[in-house]
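I have placed the structure first, in the form of structure tokens, so that the comments after it can refer back to it.
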Amino acid sequence: MPSTATLPPVKARVPGRISVIIPAMDQQDFIGDALASLALQQLKGRELEVLVVDDASTDATVAITAEFGTRIPGLKILTHHANRGVSAARNTGLENASGEFVVFLDPDDWFAPNHLAQLADGLEALDVDFVRCDHVRVTGANRTLHHAPQANRNIVLDPADDISPIHTATMIDYPLVWAGMYRAEVLESAAPRFNEELRTCEDRAWMWELCLNAKSYAVLNAPGVFYRRGLPGSLTQVFDDRQLDFVDAYAGILDMVLDDPAHETHAPKALRQFLAVSCHHLKRSAEFPPALRQALRLRIADRLAMVPTPLLEDGLAQLDAKRRKTLTGLRPSAAAKRESK
């Protein structure tokens, strides 16, 4: 059941405190690295609050976390007695965070020692609603620096302006919520909660909401977050109905921009993302069980049928011939499904 709690009022927040939210479920192999990196943070006098939200772990995640109590004075363990998913875990963290600033950290990633101070320094100096940063991808022993798409650094920008254009990667195509720091009071109105019904793509929906509602942000040269890729539990390695939640995520994003005249200009970008992600999943669906593959095709077709025709026709026309043929071939499926009911 989704939580109905709201964020604490602004007056309850501690100036300068950084609240780090870590959703964790069965992460005994990695969470020690994440917490060790927080214990080593050089904060320049700022206070650290670490909220580990245990999402009904069955391994030693909680025991390992508790061992860091003396090394991280601001450590708190929040417990879900039943597994509720990453969105609910992040929401529980937001409900209990007391810091002026909020940061997200996945339990299998870690920060460089000066990372949080760099983000807070930039956020304060530029007086923006939030900041974003580059990150380092870690695949086995290999490390690769990946840059945020916005090349302009350390200047104040409008996040809505950086949603377009549709033909190149922009900051809305960089929905890594852990690659940044956010003012808690801004999140209260701009993006207060993650959608708990989404088991994947929840970060994309949340980032769209934030970028449409916040007023300012900046990208900093602070590549201090290390992101592990290719782990066995990743959704990219799992083939079940969680894979289909991207359709619901983009349905919500498209509804959000189409229902508000102020945001209609962003509909082509939202549709472009949906079409691209759909083609990606359709391509890899050869590895899916037959029933999941069929469900994927029908879900995509149903959503395509709901997109305004001029917008859809323009979006399809801008795809390469192969992807356009793939998606155009799905469009009759929705109508046939409805007629069979």
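The values are calculated or read from the model by the stated rules, or taken from the named source; none is laboratory data. Only a predicted model underlies this, so the values are computations on that prediction, with no experimental measurement involved. When we count neighbours, we look across all protein chains shown, and the Cβ atoms used for this are built from the backbone with ideal geometry, even at glycine.
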Inset, instruction - Please find, among 210, 254, 187, the residue that is in contact (Cβ under 8 Å) with a residue 40 or more places away in the chain and either under 27 Å from residue 328 (Cα atoms) or surrounded by fewer than 18 Cβ atoms within 10 Å (Cβ to Cβ) (or both). - result: 254
Inset, instruction - Assess whether residue 225 counts as being at pLDDT 95 or above, in the same structural domain as residue 316 (by TED's automatic domain parsing), touching a His at 6+ places or on another chain (Cβ under 7 Å) and surrounded by 12 or more Cβ atoms within 10 Å (Cβ to Cβ). - result: no
Legend entry - Matching residues, region 154-186, being under 14 Å from the mean Cα position of the chain (by Cα) and not in a loop (DSSP other than H, G, I, E, B): 171, 172, 173, 180, 181, 182
Inset, instruction - May I ask you to list the residues in region 144-167 that are surrounded by 14 or more Cβ atoms within 10 Å (Cβ to Cβ), at pLDDT 95 or above and among the polar types (S, T, N, Q)? - result: 150
Inset, instruction - Identify the single condition in (1) free of Cβ contacts under 8 Å to residues at least 60 places away in the same chain; (2) more than 22 Å from residue 248 (Cβ to Cβ) that residue 323 does not satisfy, given that it satisfies every other one. - result: (2)
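In the same structural domain as residue 89 (by TED's automatic domain parsing) and in contact with a Lys or Arg (Cβ under 6 Å, 6 or more places away or on another chain): does that describe residue 219?
Spelling it out, residue 219 is indeed in the same structural domain as residue 89 (by TED's automatic domain parsing) and in contact with a Lys or Arg (Cβ under 6 Å, 6 or more places away or on another chain).
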Legend entry - Filtered residues of region 119-148 (kept if within 28 Å of residue 54 (Cα to Cα) and outside any loop (DSSP other than H, G, I, E, B)): 119, 120, 130, 131, 132, 133, 135, 136, 137, 138, 139
Legend entry - region 120-141 residues that are of a type outside the set (A, V, I, L, M), paired with ones that are assigned to a helix (DSSP H, G or I) (beta carbon under 6 Å, 6 or more apart): 129/186
Inset, instruction - Spot the failing condition for residue 151; the list is (1) free of Cβ contacts under 8 Å to residues at least 24 places away in the same chain; (2) over 24 Å from residue 184 (Cβ atoms); (3) not in a loop (DSSP other than H, G, I, E, B), and only one is missed. - result: (3)
